[in-house]
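What follows is a set of notes on a single structure, which appears directly below.
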Amino acid sequence: MHNILIKDGTLVDGTGSPGVPRDVAIDGAKIAGIFKHSEAKASMTIDAKGLVVCPGFIDIHSHSEIHLLANPLAESKVRQGVTTELVGNCGGSSAPAIGEVRTSLMDYSTPLCVKVDWTSMDEYLLRLADIRPSVNVATLVGASTLRTAVMGGTSSRPTAAQMTQMKELLVEAMLHGAYGLSSGLIYAPGCFATTDEIVELASASAALGGFYASHIRGEGITLVKAVEEAITIGRRARTRVQISHHKACGRRFWGTVSKTLKMIEDAQAAGVDVAFDVYPYTASCTSLDTVLPPWAREGSKEDVIARLNDAATRERAKKEMETSSDEWEAIAAEDGWENVYLIGLAKEHNRRFENRPMSKVAEELGKDPGDAALDLIVDEDLMAGAIFHEISEDDVIRVMSHPLGSIGSDGEAEAPYGPTSDCATHPRAYGTFPRVLARYVREKKILSLEDAIRKMTSLPADRIGFRDRGRIAPGMAADVVVFDPEKVRDTATFEDSHRFPDGIKCVVVNGLVTVMDGEHTRERAGQVLRHRPSVS
């Protein structure tokens with residue numbers, strides 16, 4: 001007699017193999033067995049007739065590290081079938097929370113009603129385990145976090161002593177369980193780091209069995225050079241590389257991914273282990289201050305605001321953020337301010353601008369769009385966000401359909417209540433995985449069902465280094481999703497972003513039913529997954 005029997009479904013095991021009619025038995029936190037229909041019995045039976053049974057989805061690119069502390073139910077993720085999240089991406093992690101890192105973490109955490117009461121990675125992971133999230137969580141350590149902890153926001157190159165300190169903090173975080181290193185090379189202070197600096201950190205990570213994930217140095221005018229750099233880092237540091245949310249931003253760069261995908265294939269053939277992830281949307285989302293040239297973002301929050309309040313410096317920043325060069329991608333200039341939509345506005349007098357294009361906001365304010373953007377950046381203390389409609393769906397399809405491409409949301413665990421509901425968000429936080437199954441499997445037939453599930457399960461598991469997740473087989477962790485292949489779909493939109501998907505019938509996390517008939521059971525069975533370093 002098993003604990004749970006998921007009965008009469010079509011098993012898609014995560015490996016890419018064709019689906020087969022099978023029952024899946026669960027005992028405790030493990031898959032106990034796979035049986036032909038009617039061969040097993042259990043205390044609890046879940047009817048999966050007409051439904052697909054597959055491994056829980058692994059979100060290889062998430063930013064939920066603080067959001068999970070705000071709402072451990074992880075509603076927007078687990079209700080779309082995500083059972084494991086990898087946080088600490090794009091160069092930013094929740095630890096080590098020392099120096100100026102602590103200040104920025106507090107700025108980010110306070111609106112979410114989270115107290116930053118940890119310092120080390122071990123303390124952060126213990127805090128996470130203590131609140132018992134509904135999903136499993138693993139983390140990377142951010143290169144920008146290390147740099148800020150040691151050097152603040154300066155653009156200077158690290159001294160030998162500072163480099164040693166960064167590596168010591170990295171090694172400590174990995175000994176505490178981090179799975180590797182991430183970088184965010186468009187953000188300050190990551191944009192000030194040289195290739196050599198990243199190679200040195202990535203080498204230290206690789207020596208302990210970690211991998212390197214990168215928001216590369218540019219996704220528009222510098223895309224090809226940025227991919228070259230990521231490959232170079234992988235070759236020199238002897239590390240596997242995960243290029244985050246691979247895409248080409250800006251209409252005149254659409255199609256460039258055909259070249260970069262060939263570069264990645266060639267690197268693989270030459271022995272450099274490079275892959276990537278992608279989200280199924282034609283809009284990105286990040287902080288509004290990324291429209292500023294890198295020099296304008298150097299230093300503390302107060303330094304940046306003072307710079308933008310100085311008339312001459314502000315004029316220089318405005319001019320540069322509206323003119324691209326060979327080294328600088330002026331994000332708003334490429335496709336126009338009408339494609340930059342504001343979100344995440346905290347000040348009450350700015351809330352009316354939520355989900356509206358910067359061009360219309362500027363028109364209402366009677367200002368030039370560049371000036372209006374700079375005013376909002378300052379007024380919102382650099383915390384304003386923006387959605388940039390800048391990606392071609394043809395490119396999304398090219399990247400997604402490539403065999404090396406995993407699916408990642410690039411979103412946070414949110415909910416349509418509590419502090420995470422205060423402002424609009426990118427719909428990827430609620431709909432990434434159902435959208436792939438609905439739009440690109442069922443409707444457009446770009447991916448087979450089995451390959452789509454592989455990209456959400458075993459492929460990201462292998463990239464991260466999980467040995468007991470991402471597949472349904474006896475002895476594997478009992479993370480399971482049951483969904484209706486004819487009805488599964490995302491419902492969150494850019495206009496109405498806090499909406500749960502349809503068609504996800506049941507989600508099991510570590511053997512406990514966490515979603516049943518599309519509703520959260522309030523179960524919180526997620527585990528903090530810690531990397532066990534291996535010395536190479």
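The values are calculated or read from the model by the stated rules, or taken from the named source; none is laboratory data. Predicted model, so just to flag it, every value in this text is computed and none were measured. We place every Cβ from the backbone using ideal geometry, glycine too, and count neighbours over all the protein chains shown. With ligands, DNA and RNA removed, areas are computed over all heavy atoms of the protein, side chains included. Shrake-Rupley method; radii C 1.70, N 1.55, O 1.52, S 1.80 Å.
Residue by residue through segment 70-93, note down the ones that are open to solvent by less than 10 Å² (accessible area, probe 1.4 Å), assigned to a loop (DSSP other than H, G, I, E, B) and more than 18 Å from G152 (Cβ to Cβ).
Within segment 70-93, A74, Q80, G81, G88, N89 qualify.
Please go through segment 130-172 and pick out each residue that is over 30 Å from A29 (Cβ atoms), in a loop (DSSP other than H, G, I, E, B) and either open to solvent by 20 Å² or more (accessible area, probe 1.4 Å) or touching a strand residue (DSSP E or B) at 6+ places or on another chain (Cβ under 7 Å) (or both).
T154, S155, S156, R157, P158, T159
So F433 ticks every box in (1) under 20 Å from R79 (Cα atoms); (2) outside any helix (DSSP H, G or I); (3) among the aromatic types (F, W, Y) but one. Which box is left unticked?
Looking at each condition in turn, F433 falls short on (2).
Of the residues I216, I243, I233, only one is at pLDDT 95 or above, over 19 Å from the mean Cα position of the chain (by Cα) and open to solvent by less than 20 Å² (accessible area, probe 1.4 Å); which? Full working, then the answer.
Working: I216 fails: over 19 Å from the mean Cα position of the chain (by Cα); I243 fails: over 19 Å from the mean Cα position of the chain (by Cα).
Among I216, I243, I233, only I233 is at pLDDT 95 or above, over 19 Å from the mean Cα position of the chain (by Cα) and open to solvent by less than 20 Å² (accessible area, probe 1.4 Å).
From the set of residues in segment 500-522 that are of a type in the set (S, T, N, Q) and surrounded by fewer than 24 Cβ atoms within 10 Å (Cβ to Cβ), which is nearest to the chain's Cα centre (by Cα)? Full working, then the answer.
Initially, segment 500-522 is screened for residues of a type in the set (S, T, N, Q), giving 510, 514, 521.
With the extra rule that they be surrounded by fewer than 24 Cβ atoms within 10 Å (Cβ to Cβ), the set shrinks to 510, 521.
Values: N510: 22, T521: 25 Å.
The qualifying residue nearest to the chain's Cα centre (by Cα) is N510.
Select from segment 1-24 the residues that are more than 12 Å from R471 (Cβ to Cβ) and among the small types (G, A, S) and write down the one among them that is surrounded by the fewest Cβ atoms within 10 Å (Cβ to Cβ).
Ranking the qualifying residues of segment 1-24, first place goes to G19.
Considering (1) surrounded by 24 or more Cβ atoms within 10 Å (Cβ to Cβ); (2) within 23 Å of P533 (Cβ to Cβ); (3) of a type outside the set (D, E), say which one A204 fails and leave the rest.
(1)
Exactly one of (1) buried (at least 21 other Cβ atoms within 10 Å of the Cβ); (2) free of Cβ contacts under 8 Å to residues at least 24 places away in the same chain is unmet by P280. Its number?
With respect to (1) buried (at least 21 other Cβ atoms within 10 Å of the Cβ); (2) free of Cβ contacts under 8 Å to residues at least 24 places away in the same chain, P280 is out only on (2).
Would you mind stating whether G475 is closer than 22 Å to Y179 by Cβ, modelled with pLDDT of 95 or more and surrounded by fewer than 22 Cβ atoms within 10 Å (Cβ to Cβ)?
On the way: closer than 22 Å to Y179 by Cβ: yes; modelled with pLDDT of 95 or more: yes; surrounded by fewer than 22 Cβ atoms within 10 Å (Cβ to Cβ): yes.
For G475, the condition - closer than 22 Å to Y179 by Cβ, modelled with pLDDT of 95 or more and surrounded by fewer than 22 Cβ atoms within 10 Å (Cβ to Cβ) - is met.
Suppose we filter D47, D59, D27 for residues that are open to solvent by 20 Å² or more (accessible area, probe 1.4 Å), at pLDDT 95 or above and in contact with a Lys or Arg (Cβ under 7 Å, 6 or more places away or on another chain); which single one remains? Talk me through it step by step, then tell me what you get.
Numbers: D59 fails: open to solvent by 20 Å² or more (accessible area, probe 1.4 Å); D27 fails: in contact with a Lys or Arg (Cβ under 7 Å, 6 or more places away or on another chain).
One residue alone meets the criteria, D47.
Tell me, yes or no, whether segment 105-120 has at least one residue that is open to solvent by 30 Å² or more (accessible area, probe 1.4 Å), of a type in the set (S, T, Y), free of Cβ contacts under 8 Å to residues at least 60 places away in the same chain and in a loop (DSSP other than H, G, I, E, B).
Scanning segment 105-120 turns up at least one residue that is open to solvent by 30 Å² or more (accessible area, probe 1.4 Å), of a type in the set (S, T, Y), free of Cβ contacts under 8 Å to residues at least 60 places away in the same chain and in a loop (DSSP other than H, G, I, E, B).
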